[in-house]
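For reference, the structure is listed below as structure tokens.
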Amino acid sequence: MRQRAVRDQKRLDSGAVSSPKDLENLQREIASLAKRQGDLEDVVLEVMERRESAQERVAELTERVGSVQGRIDDATVRRDTAVEGIDGEVASVTKEREVISGSVPPALLSLYDKLRAQQGGVGAAKLYARSCQGCRQELAITELNEIRSAAPDTVVRCENCRRILVRTSESGL
Ligand SMILES: [Zn+2]
């Protein structure tokens with residue numbers, strides 16, 4: 001288009017076009033070409049601006065992806081560390097349990113294991129302020145009286161949930 005405008009301008013300048021009507025047409029065409037060129041330049045400018053803003057957005061999103069990835073990496077490291085800690089704790093508690101269970105009479109241990117399986121992993125509970133800490137129920141007076149008169153080595157159980165009750169100085173007896 002620009003070449004065409006230059007060619008038209010050359011024809012105009014050369015004086016080869018002599019008819020006033022042709023001259024007028026040529027001048028009109030040059031003017032229209034100039035306007036179209038201006039319009040196209042505006043379009044090119046707009047496209048460039050849009051491209052620039054798209055590139056900025058890409059950079060911004062890339063940075064955000066990087067930051068999210070960084071946070072994922074941090075969380076992964078923290079999770080792995082926590083899992084390691086929990087594994088260590090499980091190993092030490094398991095060992096501790098083995099030692100303690102070795103000193104518990106076999107019949108009591110098997111009762112405890114049976115209750116533990118039935119009661120969601122808790123086979124024995126503390127009797128605290130006249131309540132069973134396994135089922136959170138307050139014990140009846142008669143039940144408390146029975147427990148109060150039972151020998152210290154008697155295995156007492158909760159009437160409600162059947163768990164083994166552990167008596168302490170805070171039992172409220
Ligand atoms: Zn209970």
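Things to note:
- When nucleic acids and ligands are ignored and a 1.4 Å probe is applied, Val47 ends up with an accessible area of around 80 Å².
- Taking the C-alpha atoms only, the angle from helix 106-118 to the longest principal axis of the chain is near 40 degrees.
- Exposure of Asp39 as accessible area (Å², to 10), given a probe of 1.4 Å and all protein chains: 70
- Principal axis extents of the Cα atoms in segment 78-173, from largest to smallest and rounded to whole angstrom, are 51, 30, 26.
- Accessible area per residue for the chain, computed on protein heavy atoms with a 1.4 Å probe, is 76 Å².
- 25 Å tail of the calculated P(r), the chain, as % of Cα pairs: 69
- In degrees, nearest ten, helix 2-14 long axis to first principal axis of the chain (Cα): 20
- Cα long-axis angle, helix 20-101 against the chain (0 to 90 degrees, to the nearest 10): 10
- Relative contact order, percent, the chain [alpha-carbon distance under 8 Å, six or more residues apart]: 14
- Partner aspartates and glutamates for Lys21 [C-alpha distance under 20 Å; skip if fewer than 8 residues away on the same chain]: Asp8, Asp13, Glu29
The values are calculated or read from the model by the stated rules, or taken from the named source; none is laboratory data. Predicted, not measured: the structure shown is a model, and the values here were computed from it. Accessible surface is based on the protein model in full, side chains and every heavy atom, while ligands, DNA and RNA are left aside. Shrake-Rupley method; radii C 1.70, N 1.55, O 1.52, S 1.80 Å.
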